Each structure stands twice: as structure tokens, then as C-alpha cells.
Amino acid sequence: MTLALERLRTHVLPVAQAHADAVDRDGRFPEETFAALKANGLMAVLIPKAYGGEGLSLLEVADLCSALGQVCGSSALIYAMHHIKVSSLVFHGPGSAWHEGFMGRVASEQLLLGSATTEGGGIGGDLRSSICAVQRSGEGEDQTFTLFKDATVISYGVQSDAILITARKDADSPASDQVLVVAERHQLKLEHTGGWDTFGMRGTCSDGFGLTVNAPARQIFPLAFADIAAQSMLAHTHILWASVWYGLATEAASRAQALVRADMRRRGAAAAGGGNNPSPGMARLAELMAAVQAMRGGIVGAVERLERASADPALLETVGFLIDMNTLKVNASQSAVDILNRAMVICGIAGYRNGTPYSLSRLMRDVHSAPIMINNDRILTNVANLALMNRFNGSLAG
Ligand SMILES: Cc1cc2nc3c(=O)[nH]c(=O)nc-3n(C[C@H](O)[C@H](O)[C@H](O)COP(=O)(O)OP(=O)(O)OC[C@H]3O[C@@H](n4cnc5c(N)ncnc54)[C@H](O)[C@@H]3O)c2cc1C
């Protein structure tokens with residue numbers, strides 16, 4: 001167990017658990033959880049030690065997201081989204097003085113980073129297209145930019161210390177010629193355009209905003225967003241989202257296991273009075289554990305695939321790698337929903353009711369964000385197009 005996981009378990013999970021129902025009921029930001037994460041220095045664990053972080057591996061960070069997901073889905077998703085933004089700094093910040101300095105500040109000030117990729121005007125979750133554009137003025141070190149984005153969904157926009165935003169490189173660029181910019185709180189104006197009264201993940205507070213930025217041009221990542229997305233962001237997004245959903249799924253599985261155990265104890269007592277009386281949930285529990293194991297294998301396999309590709313960057317941009325990272329999102333989101341459904345059948349009325357030790361309501365509502373958080377149909381359309389240009393590889397060795 002890493003020291004970070006130990007700190008999370010001891011100092012953060014009890015806080016997140018204590019407030020999870022209120023966060024869900026009131027649709028409010030999990031401020032107590034994030035105060036505890038910051039107080040325990042857990043906002044910069046992915047950042048290399050050279051920049052003030054802890055230099056954890058992606059799998060170790062995924063494990064933190066999953067552990068948090070077991071107690072509060074909204075906290076876990078916010079924590080995962082923050083680390084997805086941090087990953088862009090870690091992989092594409094070195095070499096740019098401003099981004100290196102900002103990475104150090106994320107660590108020393110425990111900053112929370114948000115994301116604005118989704119846009120109105122028909123763009124929606126199409127990450128690789130923007131309508132909004134960066135408008136530069138001035139020259140050299142003094143160059144600044146302005147940007148307006150109709151950002152229809154920004155999770156914890158109000159609480160973010162900085163937001164990473166996609167936009168076209170300039171007013172003449174096509175929709176896919178994008179940059180990624182970092183805008184700090186004092187450089188942002190947020191005009192509220194839509195609320196977040198949703199079925200699940202209510203504490204992410206993913207409201208809509210008209211977003212205006214005015215900032216120095218050095219805060220624009222030097223690398224094109226197309227390369228950032230392909231080389232790091234797509235894989236980190238899907239792995240960290242999947243780890244949150246895995247947390248929801250394993251919590252549901254552990255509640256189903258506890259119910260079958262309790263049922264077996266009760267039946268054991270009855271059997272002492274005569275007869276062999278196994279719980280009807282036994283076979284279903286075994287199937288549930290198989291589904292959990294398959295989901296875990298998919299996530300760990302994707303992390304290994306990313307590590308192998310990172311050691312050989314040419315692999316990062318292959319069609320096969322892109323297909324694997326996209327199908328991870330589709331598979332993990334479907335598996336998580338499937339595991340929740342299986343757990344509900346095992347827990348029965350005790351799972352359906354609120355306020356029992358086996359209640360699945362919040363987990364069930366949170367997990368349904370998974371297939372629509374960038375719609376699986378949209379991702380499958382991309383996968384199908386990629387698959388048509390790729391020679392099928394059935395090798396287990398990759
Ligand atoms: C909990 C949560 C938190 C979020 N937080 C953020 C955030 O912090 N920042 C942010 O920028 N965004 C955020 N989002 C928004 C998210 O990234 C997507 O933009 C949003 O889910 C809409 O995705 P979509 O446009 O793919 O699908 P939908 O709007 O669900 O799509 C509607 C329908 O159109 C179909 N469709 C649309 N285009 C295509 C296509 N090209 N091919 C096939 N089918 C298509 C879809 O399959 C679907 O049937 C969040 C979403 C959720 C659920």
C-alpha cells in the first residue's frame with residue numbers, strides 16, 4: 001500500500017463517507033472531502049517529485065480514485081477529473097517554463113483543476129472539435145489572449161482554482177485545429193447558464209457557464225491539442241474514469257456479498273433445526289465476482305498497455321492503441337452498470353430500499369453516468385471507423 005493510499009484511508013475516506021448522502025441529496029460540492037484531500041497533500045500525487053509531487057504511478061492514482069468511489073462517487077469523479085488535467089501538465093508541461101511553474105504551484109498550493117471541453121452549438125462531447133477560438137494580441141512575452149466558450153458542462157467550475165479549456169488555435173483555424181489553455185481563477189469570468197439537477201453524480205455540480213478568459217499567451221500549451229489527446233489525455237481519462245466506476249461496482253459487490261453472508265448465517269441457524277438450505281444468492285454472487293474480476297482485468301490491462309506504449313511512443317498513436325483506450329471506456333462503463341444490476345438482484349428489496357446496509361440507490365444512480373459521460377454510441381462510432389482502417393490483431397502479447 002502506498003503512503004498516499006494510507007493517508008486517504010485514514011484521513012479522507014471517513015470524511016467522504018460521512019458526507020456522501022448529504023452531497024448527493026443536496027447536489028452540493030463535497031467540500032469536506034476536498035478540504036481533507038488538500039490537508040493531506042493528496043492533490044498532486046501524480047506530479048513528479050522534481051516538481052513537488054509524489055510521483056505516483058497511474059495505477060496507484062487509479063487505486064485512490066477507486067477507493068474514494070467506494071464511499072462517494074461524486075468525490076471520486078472530481079478527484080479523477082482533476083488528475084486527468086494534472087496528467088496534461090505532467091506529460092506536456094516540461095519544457096514550458098510557465099507550465100512547469102504551475103505544476104509546482106498545484107503541488108505547493110494543492111490547487112483543484114477543472115475541465116471545459118464540452119461546448120454548445122452542436123459540439124457536445126466531441127472532444128476533438130471546438131467552435132470557440134483563441135484571439136491573441138501583442139507580441140513576445142507580453143502576448144495575451146482572450147477566449148469565450150459556451151461551456152455547457154463544467155464540473156465544479158465554481159470551486160476550481162484553474163480550468164483547462166479546449167479551443168481553436170485562432171479564429172481562422174478549422175474546428176479540429178485546437179489548443180489547450182490553462183486559465184486561473186482570477187483570469188476567468190463564469191456566467192451561469194445552466195444547472196445540474198441530475199439523476200446521479202449530483203455532487204460534481206456540473207453546471208453550464210459562459211466562460212470568458214483573459215490571460216497571458218504563455219499559458220497555452222505549446223503542443224497541439226490533437227497530440228495531447230492522442231499521447232496522454234484519452235488514455236488517462238478512460239483509465240481514471242474506469243477506476244471510479246470500478247469503485248462503485250466493488251462497493252455494490254461487497255454489499256451483495258455481505259447480504260448473502262448474512263442470509264447464509266440465518267439459513268445455517270435454520271439448518272441446525274434440520275435440512276440443508278443454501279442461500280439462493282450463492283450462484284449469483286459467484287457470477288458477480290467473475291464480472292468484477294473481468295472489469296478489473298480490463299482496467300489493469302489498459303494501464304499495462306499504456307505503460308508499454310509510453311516506453312515506445314510510436315505505439316501511442318497507433319490505431320490499435322486508440323481502439324483499446326476507447327473500448328476500455330465502453331467496456332468499463334457497461335460492466336459497472338451490469339455489476340450494479342447483478343448486485344441489485346442479489347440484494348433484492350434490501351438493496352432497493354433506502355437506509356439499509358445493502359441500499360444501492362446512490363451507487364446505481366451514480367453508475368448510470370458512466371455510459372453517457374461522452375456517450376458510448378459516440379465512442380463506438382469512432383471505434384468502428386478506426387477498426388475499418390486497422391488490421392485485426394488477436395495476439396495476447398499486444
Ligand atoms: C457526471 C458528468 C460530468 C461531466 N463533467 C464535464 C466537465 O467537467 N467538463 C466537460 O467539458 N464536460 C463534462 N461532461 C460532459 C461530457 O463530457 C459530455 O460532453 C456529455 O456527456 C455529452 O456527451 P455526448 O455529446 O457524447 O452525448 P449526448 O449529448 O448524450 O449525445 C446524445 C446522443 O447523440 C449521439 N451522438 C452525438 N454525436 C454522435 C456521433 N458523432 N456519433 C454517434 N452518436 C452521436 C449520442 O450517441 C447520443 O445518442 C460531464 C458529463 C457527466 C455525465
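For residue 75, the stated conditions do not hold, so it cannot be described as within 21 Å of residue 172 (Cα to Cα), within 16 Å of the ligand (Cβ to nearest atom) and either out of contact with any helix residue (DSSP H, G or I) (no Cβ under 9 Å at 6 or more places or on another chain) or in contact (Cβ under 8 Å) with a residue 12 or more places away in the chain (or both). Please enumerate the residues belonging to segment 187-238 that are of a type in the set (A, V, I, L, M) and assigned to a strand (DSSP E or B). Within segment 187-238, 188, 190, 211, 213, 215, 220 qualify. Could you please find all residues in segment 59-89 being touching a Pro at 6+ places or on another chain (Cβ under 7 Å) and either small (Gly, Ala, Ser) or surrounded by fewer than 24 Cβ atoms within 10 Å (Cβ to Cβ) (or both)? Within segment 59-89, 74, 75 meet the criteria.
Okay, residues lined up against (1) outside the structural domain of residue 360 (by TED's automatic domain parsing); (2) over 22 Å from residue 200 (Cα atoms); (3) polar (S, T, N, Q); (4) out of contact with any His (no Cβ under 9 Å at 6 or more places or on another chain):
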{"position": "61", "(1), (2), (3), (4)": "yes, yes, no, no"}
{"position": "72", "(1), (2), (3), (4)": "yes, no, no, no"}
{"position": "84", "(1), (2), (3), (4)": "yes, no, no, no"}
{"position": "93", "(1), (2), (3), (4)": "yes, yes, no, no"}
{"position": "103", "(1), (2), (3), (4)": "yes, yes, no, yes"}
{"position": "124", "(1), (2), (3), (4)": "yes, no, no, yes"}
{"position": "127", "(1), (2), (3), (4)": "yes, yes, no, yes"}
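With the condition kept exactly as written, say whether any residue in segment 168-186 is within 14 Å of the ligand (Cβ to nearest atom), touching a strand residue (DSSP E or B) at 6+ places or on another chain (Cβ under 9 Å), touching a residue at least 24 places away in the same chain (Cβ under 8 Å) and in a loop (DSSP other than H, G, I, E, B).
Taking segment 168-186 first, the residues within 14 Å of the ligand (Cβ to nearest atom) are 175-176, 178, 180-181, 183.
Going one step further and asking which of them are touching a strand residue (DSSP E or B) at 6+ places or on another chain (Cβ under 9 Å), we end up with 175-176, 178, 180-181, 183.
Now drop any that are not touching a residue at least 24 places away in the same chain (Cβ under 8 Å), which leaves 175-176, 178, 180-181, 183.
Right, trim to in a loop (DSSP other than H, G, I, E, B) and you get 175-176.
Yes: segment 168-186 contains one or more residues that are within 14 Å of the ligand (Cβ to nearest atom), touching a strand residue (DSSP E or B) at 6+ places or on another chain (Cβ under 9 Å), touching a residue at least 24 places away in the same chain (Cβ under 8 Å) and in a loop (DSSP other than H, G, I, E, B).
All of 41, 69 fail the test of being part of a loop (DSSP other than H, G, I, E, B), under 30 Å from residue 305 (Cα atoms) and in contact (Cβ under 8 Å) with a residue 24 or more places away in the chain, apart from 41.
Against the test of being surrounded by 19 or more Cβ atoms within 10 Å (Cβ to Cβ) and either of a type outside the set (Ser, Thr, Tyr) or in the same structural domain as residue 243 (by TED's automatic domain parsing) (or both), the options 311, 302, 290, 384 yield a single qualifying residue, 302.
Taking segment 209-233 only, how many residues are under 30 Å from residue 17 (Cα atoms) and either in contact with a helix residue (DSSP H, G or I) (Cβ under 8 Å, 6 or more places away or on another chain) or among the aliphatic types (A, V, I, L, M) (or both)? Qualifying residue count for the region: 1.
Kindly indicate the residue of segment 360-398 that is in contact (Cβ under 8 Å) with a residue 24 or more places away in the chain and away from the ligand (no atom under 15 Å from the Cβ) and also nearest to the chain's Cα centre (by Cα) among those meeting that condition. Quick ask: steps written out before the conclusion?
Initially, segment 360-398 is screened for residues in contact (Cβ under 8 Å) with a residue 24 or more places away in the chain, giving 360, 362-371, 373-376, 378-380, 382-383, 386-387, 389-390, 393, 398.
Those left that are additionally away from the ligand (no atom under 15 Å from the Cβ): 360, 389-390, 393, 398.
Details: 360: 21, 389: 29, 390: 28, 393: 28, 398: 25 Å.
Among residues in segment 360-398 that are in contact (Cβ under 8 Å) with a residue 24 or more places away in the chain and away from the ligand (no atom under 15 Å from the Cβ), the one nearest to the chain's Cα centre (by Cα) is 360.
Looking across segment 133-155, the residues that are in contact with a Phe, Trp or Tyr (Cβ under 6 Å, 6 or more places away or on another chain) and buried (at least 23 other Cβ atoms within 10 Å of the Cβ) come down to 151, 154.
Screening 253, 283 for residues that are buried (at least 21 other Cβ atoms within 10 Å of the Cβ) and either farther than 25 Å from residue 386 by Cα or touching a strand residue (DSSP E or B) at 6+ places or on another chain (Cβ under 9 Å) (or both) leaves exactly one candidate, 253.
Scanning segment 88-146 for residues that are of a type in the set (Lys, Arg) and not in a strand (DSSP E or B) gives 105, 128. The residues of segment 134-161 that are β-branched (Val, Ile, Thr) and within 16 Å of the ligand (Cβ to nearest atom), listed by number, are 152, 153, 154, 158.
The values are calculated or read from the model by the stated rules, or taken from the named source; none is laboratory data. Given the structure is predicted, the values throughout are model-derived calculations rather than measurements. Positions of Cβ are generated from backbone atoms using ideal geometry, with glycine treated the same way; all protein chains shown enter the neighbour counts.
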